[in-house]
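In what follows, a structure is listed as structure tokens, so that the remarks can point back to it.
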Amino acid sequence: MPAALVLLAAGSGTRVGAATNKVLLPLDGSDDPASSALGLSLRTALEVPDVRRLVLVVRSGDEEAVAAVAQPLLGDREVVMVAGGDTRHASEQAALAVLRADIEAAGEDGIDVVAIHDTARPLVSPELFSVVIGVARKHGGAIPAAPLSHLSTRDLQPVAGALVGVQTPQAFRAADLLAAYAQAAADGFDGTDTGATLERYASGVRIVAVPSSSLNLKVTFADDLGAVTTLLN
């Protein structure tokens, strides 16, 4: 069975000091919107094999700008655009509502795994998508994790031990994901990321850490925009 990919692009540019959504900002020094975090993430998603559905979650009011990025890249591929919510969790709920019929469909007409990616991580590779999808298909869930170092507590004491940072794309068996989010909606629970919701409402699902690296960085602050630009050039 094929998979579905969800690209989250419903954030803002507040912490990068921009008046527009940070994932729409060009990253290579040009004015080409396809060089934005959204454009790069979408290009990569389109390279992932065996994907039946592609859902793009956008901020209300950004539809026209997002379409300007997406349409030149799609060719004969189709993407469903859906308005996101006030939180990441609400945006994921909106995407799953679009995918519900495909998740509940039997056999070759359905999808068995959903991978959710934050487009603010524009340097993700097609291979990482494929790995997390494959691991989720085998075990139930998969989350990329990269080693962290030089961390300190709030009182500036070094943090001991081996630590990792959780990234996206995160992938899960579609039926488990849909059921967990249905329970979360009933409880009014709002998870910090996809894995947090599965951990709370699908305790029987094994979530496996997939090795990743710091290159799969997230654009959060202005310095991150510069780092991505440097890595692209």
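The values are calculated or read from the model by the stated rules, or taken from the named source; none is laboratory data. What you see is a predicted model; the values in this text were computed from it and never measured. As a convention, Cβ positions derive from the backbone with ideal geometry for all residues, glycine included, and neighbour counts pool all protein chains shown. Quick note on the areas: whole protein, heavy atoms, side chains included, nothing else; ligands and nucleic acids left out. Shrake-Rupley method; radii C 1.70, N 1.55, O 1.52, S 1.80 Å.
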Inset, instruction - Answer with one residue from Leu27, Gly141, Gly204: the one whose Cα lies farthest towards the positive end of the charge dipole of the chain, charges on Cβ with Lys, Arg +1 and Asp, Glu -1. - result: Gly204
Legend entry - Distance-filtered residues of segment 203-233 - backbone nitrogen under 20 Å, label point 7 angstrom along Ser30 Cα→Cβ: 225-233
Inset, instruction - Mind checking segment 20-98 for trypsin sites (Lys or Arg not before Pro) that DSSP puts in a loop (not H, G, I, E or B) and that have at most 12 other Cβ atoms within 10 Å? - result: Arg77
Legend entry - Linear extension gain, Arg100 paired with Leu231, 0.36 nm per residue minus alpha-carbon span: 43.4 nm
Inset, instruction - Could you rank the peptides 111-121, 218-228 by their average count of other C-beta atoms within 10 Å per residue, with the highest value first? - result: 111-121, 218-228
Inset, instruction - Treat every Asp and Glu Cβ in segment 17-88 as -1 and every Lys and Arg Cβ as +1, leave all other atoms uncharged, and give the resulting dipole magnitude about the Cα centre to the nearest 20 debye. - result: 280
Legend entry - Apportionment of accessible area to carbon and sulfur, the chain, percent (1.4 Å): 52
Inset, instruction - Please sort through the DSSP H helices of the chain and keep those with an alpha-carbon extent of at least 15 Å along the long axis and a Kyte-Doolittle average not below -1.0. - result: 63-74, 88-104, 126-139, 174-187, 222-232
Inset, instruction - Please work out which option in [x] 13.6; [y] 15.5; [z] 11.2 gives mean projected area of the Cα convex hull in nm² calculated from these coordinates, and answer with its label. - result: [x]
Legend entry - Accessible solvent surface per residue of the chain, calculated while the other protein chains remain in place, 1.4 angstrom probe, Å²: 48
Inset, instruction - Report the FRET efficiency, 1/(1 + (r/R0)^6), for Ser203 and Glu47, where r is their Cβ-Cβ distance and R0 is 41 Å, rounded to 0.05. - result: 0.75
Legend entry - Linear extension gain, Thr220 paired with Ala90, 0.36 nm per residue minus alpha-carbon span: 44.8 nm
Inset, instruction - Only helical DSSP H runs with n ≥ 4 go in: add -39500 (n - 2.57) per run for the chain, normalise by residue count and round the 222 nm mean residue ellipticity to 500 deg cm²/dmol. - result: -11500 deg cm²/dmol
Inset, instruction - Using the Cα centre as the reference, give the magnitude of the dipole from point charges on the C-beta atoms of segment 117-233 (Lys, Arg: +1; Asp, Glu: -1; all else neutral), rounded to the nearest 20 debye. - result: 360
Inset, instruction - Counting only GluC sites (Glu not before Pro) that are in a DSSP loop and have at most 14 other C-beta atoms within 10 Å, tell me the longest site-free stretch of the chain. - result: 79-233
